[in-house]
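First the structure, in the form of structure tokens, and then the observations on it.
The values are calculated or read from the model by the stated rules, or taken from the named source; none is laboratory data. Remember, predicted model here, so these are calculated numbers, not experimental data. Ideal geometry is used to build each Cβ from the backbone, glycine not excepted, and the neighbour counts take in all protein chains shown.
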Ligand code: PMV
């Protein structure tokens, strides 16, 4: 980790552009509750998505020490709320990137999916931004290696905990857990061991029940874990579920995988309901979708499970081999329950992609 504290880029040109596209991820074992400087109360495990991505384009200009600053647009338009978050994030990581003091950054970001709807747009955005900043430090680096991604994961974590996991594919673990070698609370690690075919090409069809902004932010939700009456039990449950799901994946046990995945999703929302004050992000359609999945699974002996992020949208997970059976069910029974017939057909992805443009 020595590179975490390197002094900055040696030969950054006077201006240039970097761009990173980074995916969202969906947690199987949920991170809910934090301590210290964005450290997780429990270890989490996620699947990295392919199509739900953020693309961050960062133009920089050298402007002399002390004159650094940032312009920010979201999909080409001013967005004061996001800009405020970007400015405070850049301030928070300045100690590791002192060269930011002499750069004017013009940042534009865009998503392939609705933001603030519990599809972890902060994960894809913050990881793409962290990757761009790390790329500035390693401007000439053509093929980023382990150190680069580890640092990006560490930096992404400071922006949004779950963003630390988006840096890796096809699955990532964040938080120290005996089931994953070299796992850490400081950054995520990739889960790249050979896993059975069933889990290699997981499909994630996201039923968008509501694409609007969440009424309670994740940061507020994490905070409510601090005095939560069930916090200790939840942490023990997450610790044990992590081990069980890794065993299920390694031993190709779909039913156990499905039961832990659902237990995690419902426990996350149960923690919200039983917070003080309690709140719910679930909608009537969310519950109806869950019921329909359970009935369909029973009737067709289908390999399908569901999970929820911090929002009402339902992620339907199934192996690629099951697609033929499951797709008609989704079209017929799930789609009508979504907002404007909106479903996103996503799947396990390959992780982020970066580009350095020729100097301008
Ligand atoms: O990364 P944050 O602070 O937005 O928290 C996200 C927490 C969940 O999405 C609900 C669960 C998870 O592990 O992704």
- Item | Residue match in segment 69-80 (condition: assigned to a helix (DSSP H, G or I) and farther than 21 Å from residue 175 by Cβ) | yes
- Message: Every residue in segment 39-67 that is more than 9 Å from the ligand (Cβ to nearest atom) and within 20 Å of residue 121 (Cβ to Cβ), please.
- Response: 47, 48, 49, 50, 51, 52, 53, 54, 55, 56, 57, 58
- Query: Which members of segment 331-352 meet the condition of being surrounded by 12 or more Cβ atoms within 10 Å (Cβ to Cβ) and closer than 18 Å to residue 47 by Cβ?
  - Reply: 343, 344, 345, 346, 347, 348, 349, 351, 352
- Query: Residues of segment 203-219 being surrounded by 19 or more Cβ atoms within 10 Å (Cβ to Cβ) and assigned to a helix (DSSP H, G or I), which ones?
  - Reply: 218
- Task: Filter segment 168-197 down to the residues that are outside any loop (DSSP other than H, G, I, E, B) and modelled with pLDDT of 95 or more, then identify the one that is surrounded by the fewest Cβ atoms within 10 Å (Cβ to Cβ).
- Result: 190
- Would you mind stating whether residue 297 is surrounded by fewer than 22 Cβ atoms within 10 Å (Cβ to Cβ), at pLDDT 95 or above, within 24 Å of the chain's Cα centre (by Cα) and at negative phi? no
- Note on the structure: residue 231 fails exactly one of (1) within 16 Å of the ligand (Cβ to nearest atom); (2) within 13 Å of residue 199 (Cβ to Cβ), namely (2)
- Within segment 19-38, how many residues turn out to be within 12 Å of the ligand (Cβ to nearest atom) and either modelled with pLDDT under 95 or in a strand (DSSP E or B) (or both)? 7
- Go through segment 133-167 and count every residue that is outside any loop (DSSP other than H, G, I, E, B), away from the ligand (no atom under 16 Å from the Cβ) and more than 19 Å from residue 109 (Cα to Cα). 7
- Query: Would you call residue 313 closer than 19 Å to residue 50 by Cα, within 16 Å of the ligand (Cβ to nearest atom) and in contact (Cβ under 8 Å) with a residue 12 or more places away in the chain?
  - Reply: yes
- Query: part of a helix (DSSP H, G or I) and more than 16 Å from the ligand (Cβ to nearest atom), is that true of residue 105?
  - Reply: no
- Task: Return yes or no: is residue 38 surrounded by fewer than 21 Cβ atoms within 10 Å (Cβ to Cβ), touching a residue at least 40 places away in the same chain (Cβ under 8 Å) and closer than 30 Å to residue 258 by Cα?
- Result: yes
- Task: Would you be able to say whether some residue in segment 79-95 is surrounded by 20 or more Cβ atoms within 10 Å (Cβ to Cβ), over 29 Å from residue 310 (Cβ atoms) and away from the ligand (no atom under 16 Å from the Cβ)?
- Result: no
- Note on the structure: Among (1) in contact with a strand residue (DSSP E or B) (Cβ under 8 Å, 6 or more places away or on another chain); (2) within 16 Å of the ligand (Cβ to nearest atom); (3) assigned to a loop (DSSP other than H, G, I, E, B), residue 114 falls short only on (1)
